[in-house]
Amino acid sequence: MGKENKMEEVLKIIEKYPKEEASLIQILQDINRKYNWLPREALEVVSREIKVPLARVYGVASFYKAFSLKERGKNIIKVCTGTACHIKGAPQLIDEIKRKKNIGPGETSEDKKFTLETVNCVGACAMAPVLILNERYFGFTKPSEIEKILEEGK
């Protein structure tokens, strides 16, 4: 998708909301959901269209962990590294993803298909270790299941 098409999509997102600072988080959520990250050009358009200083837009975008200022893959893999998940095998899941996709935490595969992230706790300790692919949770995950799980990606 070209830069112009992307910015047209951003303008369509902005049009759904009142053009005021109170809409900022909702607009950023929609952009982040659409692209899996917040491109600089999109933040500039948001700043201009809702008349909020770019520094403020960046402040909000960098404050919330749900937003990414780095390009991410089409599929987001999250491995819980909370205490229960760590004890029950999260490090082995991360190692297996490194082997299968050649990416570590915070990295995106060359083909832009996968980004690996670690999260401190997802609140599903009874299912440890937990892996999340996009919005789908996989509990009691074993390294031998990683390949099959990742095949479910978009």
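Only one of the values (i) 1.17; (ii) 0.97; (iii) 1.82 was calculated from this structure for Cα Rg over 2.2 N^0.38 Å; name its label. Read-out from the structure maps to (i). For the chain, the residue among 114, 61, 22 whose Cα projects farthest onto the positive side of the dipole built from Cβ charges is 114.
For a straight C-alpha distance cut-off of 29 angstrom, the lysines reachable from residue 6 (same-chain residues fewer than eight places away being disregarded) are 16, 19, 34, 51, 65, 70, 74, 78, 101, 112, 113, 154. For the chain, the fraction of 1.4 Å probe accessible surface lying on carbon and sulfur atoms is 49 percent.
Along its principal axes, region 21-87 has C-alpha extents of 48, 22, 16 angstrom, given from the largest down.
Annotation: per residue accessible area for region 63-140 equals 58 Å², rounded to a whole number [probe 1.4 Å, protein chains only].
What the phi angles of region 74-86 give under the Karplus curve with 6.51, -1.76 and 1.60, with θ = phi - 60°, is a coupling list of 5, 10, 9, 9, 10, 10, 6, 10, x, 3, 4, 5, 4 Hz, glycine and proline written as x. Straight-line cross-link reach from residue 98 at under 12 Å between alpha-carbon atoms covers these aspartates and glutamates, not counting any fewer than eight positions away in the same chain: 107, 117, 147. The H on the amide N of residue 117, modeled in the peptide plane, is under 5 Å from the matching H of 77, 78, 79, 106, each at least 5 residues off or on a different chain. Working note: Karplus 6.51/-1.76/1.60 with θ = phi - 60° gives region 137-147 the couplings 8, 10, x, 6, 6, 10, x, 5, 8, 4, 4 Hz, where Gly and Pro are set to x. Computed per residue of the chain from DSSP H runs no shorter than four, each worth -39500 (n - 2.57), the mean residue ellipticity at 222 nm is -13000 deg cm²/dmol. Within the shell of other residues whose beta carbon sits under 10 angstrom from the beta carbon of residue 31, the net charge comes to +1, with Lys and Arg scored +1 and Asp and Glu -1.
The values are calculated or read from the model by the stated rules, or taken from the named source; none is laboratory data. If you're wondering where the values come from, they're calculated on a predicted model, not measured in any experiment. Cβ coordinates were reconstructed from backbone atoms using ideal geometry, including for glycine residues, and neighbour counts include every protein chain displayed. Surface accessibility is based on the protein's heavy atoms, side chains included, excluding ligands, DNA and RNA. Shrake-Rupley method; radii C 1.70, N 1.55, O 1.52, S 1.80 Å.
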